[in-house]
Amino acid sequence: MKLAVCIVHNRDRNKLTDELLKAGFKFTVIGSTGGFLREGNSTLLIGFDDELAASLKEIVQASCKAREQMVNVMPFEAAPPGAFIPSPVKVPVGGAVMFFLDVNEFVRY
Ligand code: 2BA
């Protein structure tokens, strides 16, 4: 068994969870915050049998779009009065970031 930790944009969350449910995956959705953009995203914990890895990746890939997001290099509130404020820059975000972990043991009581 494996555990996928899957971080996705909030806009892709509902489509992804619908597709995972349709395909019979079980998962937990946790509200999370990106360390860089400091914006809300969603983290899914998905426990699954090893042979379903390819199917899981396909579903995630098809459900989550890569997008570009504008980010302020210097937060407006951090700039001293009159300081030069650099223009926001575009940062690529997602589709999805996934980590695959081996599960030593799974029990449900
Ligand atoms: P954030 O940390 O808010 O990052 C959003 C996007 O900003 C990233 O997209 C990446 O393109 C860019 N970025 C992140 N850190 C950067 C840095 N130090 N310098 C320049 N650009 C940077 P993604 O790579 O698609 O990541 C989307 C979200 O997935 C991240 O949101 C974070 O919540 C999570 N994530 C990505 N890599 C991770 C990792 N190695 N460990 C844990 N979480 C990760």
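For the reader, a short list of remarks on this structure follows.
- Lys/Arg +1, Asp/Glu -1 at C-beta; the chain dipole; positive extreme among N104, G94, A54: G94
- Rolling a 1.4 angstrom probe over the protein heavy atoms with all chains in place gives the chain an accessible area of 71 Å² per residue.
- Computed magnitude of the charge dipole of region 26-109 (debye, nearest 20; Cβ of K, R +1, Cβ of D, E -1): 360 debye
- GluC sites (Glu not before Pro) lying in DSSP loop within region 40-109, provided at most 11 other Cβ fall within 10 Å: E105
- Qualifying aspartates and glutamates (Cα of each under 14 Å from Cα of K90; at least 8 residues distant if same chain): E68
- Cα gyration tensor shape for region 1-52, rounded if a/c is under 1.5, else prolate or oblate: oblate
- The chain: angle of helix 10-22 to the longest principal axis, Cα-based, in degrees nearest 10: 10 degrees
- Under the combined filter of DSSP loop state and at most 10 neighbouring Cβ atoms within 10 Å, region 1-96 retains these chymotrypsin sites (Phe, Trp or Tyr not before Pro): F36, F84.
- Whole-number D in µm²/s for the chain (Stokes-Einstein; Kirkwood sum over Cα pairs; 4 °C, 1.567 mPa s): 82 µm²/s
- Within region 1-60, trypsin sites (Lys or Arg not before Pro) in DSSP loop having at most 10 other beta-carbon neighbours inside 10 Å: R38
- Carbon and sulfur %, accessible surface of the chain computed with the full protein complex present, 1.4 Å: 56 percent
- Where labels lie 7 Å past Cα in the beta-carbon direction, separation of T33 and K65 in nm: 2.7 nm
The values are calculated or read from the model by the stated rules, or taken from the named source; none is laboratory data. Just so you know, these numbers come straight off a predicted model, no measurement behind them. Every residue, glycine among them, receives a Cβ derived from its backbone with ideal geometry; neighbour counts consider all protein chains shown. Only protein heavy atoms, including side chains, enter the accessible area calculation; ligands, DNA and RNA are left aside. Shrake-Rupley method; radii C 1.70, N 1.55, O 1.52, S 1.80 Å.
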